Amino acid sequence: MEENVVNRINNAVEKNDFSGTVILQDRNNTVAEKSYGFANRTEQIENKVDTRFGIASGCKLFTSIAICQLVERGNLSFETKLKDCLDISFPHFDQSISIHHLLTHTSGIPDYFDEEVMNDFEELWIKYPMYTIRSLEDFLPLFQDNTMKLQVGERFHYNNAGYILLGLIVEQASNFSFSDYIQENIFNKAGMDQSGYFEFDALPQNTALGYIDFPDGNWKTNIYSLPVKGGSDGGAYTTVKDMIKLWDALTDNQLLGERYTKKLLTPHVKTDDQDSCYGYGVWIEKKHKDIYKYHVMGYDPGVSFHSAYYPGSGNKVVVCANKSEGAYDIMKVIEEEIN
């Protein structure tokens, strides 16, 4: 299988001009591990296996794990109401919104970037410059005074603002900054020693710059397209090997006890895709009533990311790209080969 999957990855890389790093592991071994393109085009620094990549919304899973840890410790419950765990005013929000609603994108609150009505993420920074966004509180003016989009529990509506609120809940319940909490209670516990919430103007060594390509062949970095520092809805940096460590630690109950791991990985709500469900911070796909895969993904200008764990086979896949597209196509050919 190794030769076949590598050949198919190489063909997809050439077809899509992919830039990033890919890893595939089965239960016992690394089947494929390859890097392509440049982490820094100007300096011609190539992507490597230990290159750090932004993963955008892929790290909503970290936020969900943090909330589940705090529930497990008795600091919160999934039924705790938003109004009871944050000392922040949301004048038009429904008083019945719970942590469960926020985790499952069923709160009905307005999103600061609503993918149903907005196309260009960069539109946000006209009124609120991205260089001012360095903490979770900095996101609040983008949505806290807006009216509800839907009724609470009405339906799944993917929502970044809800995960900003979850991050603020983590901060208030733990007395840590969000990024410090994730570092101490997830990254360190899982051995993810290359991962972190880094600032654009202070990126560490071996971090890929994100690139936005244009049809005429020109490009630019994404430094003016995203907040200076990511938050609880997305924006952490990791490596493909660190993401494998995350799946291992989660499924081995090292981050949560068995009860709460199962709760996080339970399909709680149907999504817009007929074959897809959502747990807590993780997408879940079923085949023949059995769970086929748990997966996370993220897209930002200059970032595309997909990662999955297949419980039946034990396979784990991570695809990190420092371009706006590409990760999905690589993920697709790997899935066709291993399943």
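If we only count strands (runs of 3 or more DSSP E) wholly inside the stretch 286-339, which ones have 3 or more residues that are closer than 24 Å to residue 209 by Cβ and among the aromatic types (Phe, Trp, Tyr)? Steps first, answer last, please.
Values: elements: 290-300, 303-309, 316-321.
It comes to none.
Of everything in the stretch 273-288, what is within 17 Å of residue 262 (Cβ to Cβ) and more than 13 Å from the chain's Cα centre (by Cα)? Give them in sequence order. Break it down into steps so the answer makes sense when it comes.
Of the stretch 273-288, the ones within 17 Å of residue 262 (Cβ to Cβ) are 277-284, 286.
Listed by number, the residues that qualify are 277, 278, 279, 284, 286.
When you go through 250, 255 one by one, which is the residue that is closer than 30 Å to residue 137 by Cα, at pLDDT 95 or above, over 16 Å from the mean Cα position of the chain (by Cα) and not in a strand (DSSP E or B)? Don't jump to the end; show me each part of the working.
Values: 250 fails: over 16 Å from the mean Cα position of the chain (by Cα).
Going through 250, 255 in turn, just one is closer than 30 Å to residue 137 by Cα, at pLDDT 95 or above, over 16 Å from the mean Cα position of the chain (by Cα) and not in a strand (DSSP E or B): 255.
Out of (1) more than 30 Å from residue 245 (Cβ to Cβ); (2) surrounded by fewer than 21 Cβ atoms within 10 Å (Cβ to Cβ); (3) among the hydrophobic types (A, V, I, L, M, F, W, C), the odd one out for residue 212 is which?
Tallying (1) more than 30 Å from residue 245 (Cβ to Cβ); (2) surrounded by fewer than 21 Cβ atoms within 10 Å (Cβ to Cβ); (3) among the hydrophobic types (A, V, I, L, M, F, W, C), residue 212 fails exactly one: (1).
For residue 276, are the conditions met, namely being farther than 30 Å from residue 201 by Cβ and in contact with an Asp or Glu (Cβ under 8 Å, 6 or more places away or on another chain)? Working first, answer last.
Details: farther than 30 Å from residue 201 by Cβ: yes; in contact with an Asp or Glu (Cβ under 8 Å, 6 or more places away or on another chain): yes.
When the stated conditions are applied, residue 276 passes them.
Report, by residue number, each residue of the stretch 199-234 that is assigned to a strand (DSSP E or B), over 21 Å from residue 186 (Cα atoms) and of a type outside the set (A, V, I, L, M, F, W, C).
Of all residues in the stretch 199-234, those assigned to a strand (DSSP E or B) come to 199, 207, 211-213, 219-221, 229, 231, 234.
Restricting the remaining residues to those that are over 21 Å from residue 186 (Cα atoms) gives 211-213, 219-221.
Correct list: 211, 213, 220, 221.
Determine which single condition residue 291 fails, assuming it passes every other condition in (1) among the β-branched types (Val, Ile, Thr); (2) over 19 Å from the mean Cα position of the chain (by Cα); (3) under 30 Å from residue 134 (Cβ atoms).
Single failed check for residue 291: (3).
Looking at (1) modelled with pLDDT under 95; (2) closer than 26 Å to residue 68 by Cβ; (3) surrounded by fewer than 15 Cβ atoms within 10 Å (Cβ to Cβ), which is the one condition that is false for residue 139?
(3)
Can you give me the number of residues within the stretch 1-60 that are in a loop (DSSP other than H, G, I, E, B) and surrounded by 19 or more Cβ atoms within 10 Å (Cβ to Cβ)?
The initial filter retains those residues of the stretch 1-60 that are in a loop (DSSP other than H, G, I, E, B), namely 1, 17-19, 26-29, 37, 41-44, 47-51, 55.
So of that shortlist, the ones also surrounded by 19 or more Cβ atoms within 10 Å (Cβ to Cβ) come out as 18-19, 37, 47, 51, 55.
Here the count works out to 6.
When you go through 213, 145, 193 one by one, which is the residue that is more than 21 Å from residue 101 (Cβ to Cβ) and without any contact (Cβ under 8 Å) to a residue 60 or more places away in the chain? Explain how you work it out, then say what you get.
Working: 213 fails: without any contact (Cβ under 8 Å) to a residue 60 or more places away in the chain; 145 fails: more than 21 Å from residue 101 (Cβ to Cβ).
After ruling out the rest, the residue left standing is 193.
The values are calculated or read from the model by the stated rules, or taken from the named source; none is laboratory data. The structure presented is a predicted model; accordingly, all values stated were derived computationally and were not measured. Ideal geometry is used to build each Cβ from the backbone, glycine not excepted, and the neighbour counts take in all protein chains shown.
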